[in-house]
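The structure under discussion appears below in the form of structure tokens.
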Amino acid sequence: MDGTARTVNVGLIGLGTVGGGVARTVARHRDEYLAAYGIDLRITRACALEPERARELGFADEAFTSDWREVVGDPDIDIVVELIGGEHPATEIFEQALSAGKHVVSANKALLGRHVERLARLAADNGVQIRCEAAAGGGIPIVNALEHALVGNEILTVAGILNGTTNYILSRMTAEGLDFDEVLADAQRLGYAEADPSADVDGFDAASKVAILSSIAFHTRVTTDDVYCEGIRDVSAADIEQARSLGYAVKLLGIARNTPEGVDARVHPTMIPADHLLSSVNGAMNAVYVVGDAVGETMFYGAGAGSFPTASAVVGDVLALADAICHSDRPQAEIEPYRSVLPLRPVDDLVTRYYIRLTVADEVGALAPVVGVFARNGISISQINQLQDGDGTRCSVVFLTHEASERDVRTARAELAALPGVERVASVIRIEDVAAWTDGAEAND
Ligand code: HSE
């Protein structure tokens, strides 16, 4: 150790999958942090429910506590790492740590997606920072890229595969021609999906990540509740096969665009061209595609979850803070979160093409009122395809539309569902205009 090395004390709250990865990563690389950066990084408090877990991770008994208040109240701790997730007591941990002048590093997308503005203000008032690289995209350094490397750009679009569970399910449905329920059950058995899969399959996890990334990218307030959200439960093997035959892949995308009409932020199953970069991201992997006006298209790929990938992001945040603690007076305080608050564009104002699959009575004249509903709502059909999946009494019919407004499609959908010859509006999937994602980027000459 040279004379300039300084000790930075960390309190780790939560020793689950990610907390364990953080403990093991720091233990593995502590000597290198000291040699390379002059940082003597010590996890001096480790908080979990059971002392056995702390022992298993190599913590001395004096470091262990089951009470998070002992960590945030410890005057020797510089950085609190919150890895318990959920809103409570994570909110109280943030509030008390920040008020006590401690920096907070967290992977808590649910909390930050809703309350980052208030917490960032509290951090600014106390001269400390919140860092949350692990909260969106797991190990992918996307928050750092948006906050630092790409900061000279106006960010136009962020579009990502932000949830590994749903990407795993859709990838297997695509590769094996299986339906959602079948793959979900298998994913649960293999540990890729939770016993209660709602946060993942209904899109809420991805919506929190869209809120975090769009707030950073566009310097504005987007909360999870501002993000239109639809999950993948209605996507069937038949839809994926139809998409494939039309040259598309079906992905659960989080899309955030800074448009002249406001910020467009949404999560839903999306058809994108099969040769788009995001279409090649399969299994549980995540990817974030970013368009900046100067840089043009970029894509960041990696593991969006898991012990060591997520720990990589957490430890990166801890070391960035530790570096500033060691080599300047203190890290810069959190800046006021937003320069301005941009309007949000309601999803009803979205104009895109749609794929609509109906289950209809297989009889003379059944399609006439269906076509009438589209016409009455000003929706122009570009293609109709009757699938050979019927039992003689009913069958699926797929309609592709020209560009239509979400508002009109919503009305048409309700009218279609009420028609006597329509058994079910089985799925409605937006076909994204990916060419528009680069609108506003400089020509590369
Ligand atoms: N459950 C998430 C996923 C990881 O499946 O990607 C944590 O956000």
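The values are calculated or read from the model by the stated rules, or taken from the named source; none is laboratory data. If you're wondering where the values come from, they're calculated on a predicted model, not measured in any experiment. We place every Cβ from the backbone using ideal geometry, glycine too, and count neighbours over all the protein chains shown. Surface areas here come from the heavy atoms of the whole protein model, side chains and all, with no ligands, DNA or RNA. Shrake-Rupley method; radii C 1.70, N 1.55, O 1.52, S 1.80 Å.
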For CYS229, which sequence-distant residues (separation of 5 or more, or a different chain) have an amide H within less than 5 Å of its own amide H, given hydrogens modelled in the peptide plane?
-> VAL267
Expected vector for the range 257-263, Karplus 3J(HN,Hα) from phi with 6.51, -1.76, 1.60 and θ = phi - 60°, integer Hz, x for Gly and Pro, equals 10, 9, 9, x, 8, x, 7
Please work out the ratio of the alpha-carbon Rg of the chain to 2.2 N^0.38 Å and round it to two decimals.
-> 1.09
Which FRET efficiency, nearest 0.05, do ASP234 and GLU297 yield, Cβ-Cβ r, R0 41 Å?
-> 0.85
Helix by helix through the chain, keep the DSSP H runs that span 24 Å or more along the axis on Cα and average at least -1.0 on Kyte-Doolittle, and give those back in order.
-> 17-37, 307-327
In the neighbourhood of ASP40 defined by beta carbon distances under 9 Å, the net charge of the other residues (Lys, Arg +1; Asp, Glu -1) is +3
Rounded to whole Å², per residue accessible area for the chain with a 1.4 Å probe reads 42 Å²
Cα-centre dipole for the range 21-90 with unit charges at Cβ (Lys and Arg positive, Asp and Glu negative), debye to 20 | 240 debye
Full extension from ASP433 to LEU246: what is 0.36 nm times the residue separation minus their Cα-Cα distance, to one decimal in nm?
-> 65.9 nm
Tell me which residues come under 5 Å, amide H to amide H, from LEU344 once H is placed; ignore anything under 5 positions away on its chain.
-> VAL263
How far apart, in nm, are two points set 7 Å out from the Cα along the Cα-to-Cβ line at ASP67 and at ALA333?
-> 3.1 nm
From phi via Karplus (6.51, -1.76, 1.60), per-residue ³J(HN,Hα) for the range 391-399 in Hz, x at Gly/Pro = 10, x, 9, 8, 7, 9, 10, 9, 10
Roughly speaking, to the nearest percent, how much of the chain's 1.4 Å accessible area is carbon and sulfur?
-> 49 percent
By the mean-Cβ-within-10 Å protection proxy, highest first, 250-257, 268-275, 380-387 rank as 250-257, 268-275, 380-387
Cα gyration tensor shape of the range 295-358, rounded if a/c is under 1.5, else prolate or oblate by comparing a/b with b/c = oblate
Can you give the net charge of the other residues whose Cβ lies under 14 Å from the Cβ of ALA54, counting K and R as +1 and D and E as -1?
-> -3
Highest average packing first - 237-249, 408-420, 164-176, Cβ atoms within 10 Å | 164-176, 237-249, 408-420
Pull up all non-local amide H partners of ASP362: gap of 5 or more, or a different chain, and H-to-H distance under 5 Å with H placed in the peptide plane.
-> ARG394, CYS395
